[in-house]
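**Q** The structure's right below; bear with me while I get my questions together.
A short reminder: the numbers here are calculations on the coordinates, not readings from a lab. Computed from a prediction, not measured in an experiment: that's the story for all the values here. When we count neighbours, we look across all protein chains shown, and the Cβ atoms used for this are built from the backbone with ideal geometry, even at glycine.
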Amino acid sequence: MEVCIDFLNWLDPDISVQILMYLEDPSDLVRVSSLSRSWRDFVIANGFFKHLCLRMFPQLSRVARVMELNKCRAKKPVEVGSSYSMEWESLARDHRVYATLAQVCTSFIIEDCISEAISASSTDHYPNESIHNTLVPWRASYWSSKGQSNPAEPETLIYKLKSEFCVITEINICPDHELISSWHIYSSNSVRFRMGHPKGPNDLGSCHLGDSLPCNADDTFIWTYTSPEFPMAQEGCLQKFRLPEPVLCIGGILQIELLGRAQRHEMDGLFYICISYVQVVGRSLSPTFCVEILEPSGTFVLKNDTQGKFYTPPSLPKNEAHEISDDQLQRGFRYRQHLVNILGGNEYAVEFIDEYESGEEEDEAEVEYAL
């Protein structure tokens, strides 16, 4: 049998570090740290999991320190010079926390991460055309901005996510259209996304005033990420905007910037933006992780509470809302388009009903809505 050689004992430590830095899969680092005690100590001492998480999510550069809330991890004070020095325990704690973070960021279920709507920069007819209408697909309702004579005037929508620590991969938006006379799509020309957190613990409580912020959003929130600008199609369908890389939203606040106006209303000659549905796709990392924002520095404490286990999200009870597939959403939007044609006298209701009754796999919720 050939003699096995441990390259950690033969290569210069700096070269070994450069080799292991090429590992990008958290599972590979787990295997490396499981080979032997010396390999595990090498991984801990060089903070490979922390470096991996920083490459995955640059937003983690604002971490001031990490904490473990699991009481089982607490250790008794040790004497200076012992093998469990304070410095080594700090490295080991970072290793455990970042290793857990790397795994949950790639293993948690994908879901709609919006918790509630906070505010819109303007609302045409509050509350009938409120931002809260954008949280429910299929419903024949929408958010509408106030009319503007300047087509370059932007609008913003602000949402609170399900937790203050989320990984976001894409945002989906469906523009609304004229429901009465002609087929006009009230979309923006382009869209951009910002993520962040309130400046203070009490700032979020002042946001629910008539659907609009009492002051400028930049005075209320600190934005830690700004996406590229994406063009929007002038189509009344669900449009998907995938971020260049998954983004770690620290603080749980998302702002959608709707830039430019494409459609003028026939009755008053003003430009409007109307949105019927917004969906934020990603992973909520709570309750395994939470954050504490440190003001005024803007840094934060990363807190890990695993109780020695990876958190597994519970399955939804049968009587709660289930995840809506893209196909179901598109059928719901097609229903609305058929309904508009019927109201305009361009399509017979019998043909419309026959089409929807012919689908064998149609959900009961869709049938109930159509009726």
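**Q** Kindly put 241, 48 in sequence by how many other C-beta atoms sit within 10 Å of each C-beta, fewest to most.
**A** Final ranking by Cβ density, sparse to dense: 241, 48.
**Q** Could you line up 10, 143 from fewest to most neighbouring Cβ atoms inside 10 Å?
**A** Least to most surrounded, the residues fall as 10, 143.
**Q** Let me ask something additional. Taking other Cβ within 10 Å of each residue's Cβ, how do 65, 192 sort, fewest first?
**A** Fewest to most other Cβ atoms nearby, the residues stand as 65, 192.
**Q** Under a plain spin-label model, where a point goes 7 Å from the Cα along Cα-to-Cβ, how far apart in nm are residue 116 and residue 86?
**A** Result: 4.2 nm between the two label points.
**Q** So if we plug the beta-carbon distance of residue 21 and residue 136 into 1/(1 + (r/R0)^6) with R0 = 35 Å, what FRET efficiency do we get, rounded to 0.05?
**A** That pair, residue 21 with residue 136, gives E of 0.15.
**Q** Pop a pseudo-label 7 angstrom from the Cα along the beta-carbon direction at both residue 267 and residue 107 and give the gap in nm to one decimal.
**A** Label-label distance for residue 267 and residue 107, simple model: 5.6 nm.
**Q** Sort 13-20, 53-60, 168-175 by packing, meaning the average of other beta carbons within 10 Å per residue, with the highest value first.
**A** 168-175, 53-60, 13-20
**Q** So if I place +1 on the C-beta of Lys and Arg and -1 on the C-beta of Asp and Glu, and nothing else carries charge, what would the dipole magnitude of region 111-284 be about its Cα centre? I want it in debye, nearest 20.
**A** 300 debye
**Q** Another question, then. What does a probe at residue 10 reach in region 21-35, counting residues whose amide N is under 20 Å from the point 7 Å along Cα→Cβ?
**A** Taking a point 7 Å out along Cα→Cβ of residue 10, the residues of region 21-35 whose backbone N falls under 20 Å are 21-22, 32-33, 35.
**Q** Once the dipole of region 4-68 is set up with Lys and Arg at +1 and Asp and Glu at -1 on Cβ about the Cα centre, which of 23, 8, 49 lies farthest towards its positive end?
**A** The Cα lying farthest towards the positive end belongs to 49.
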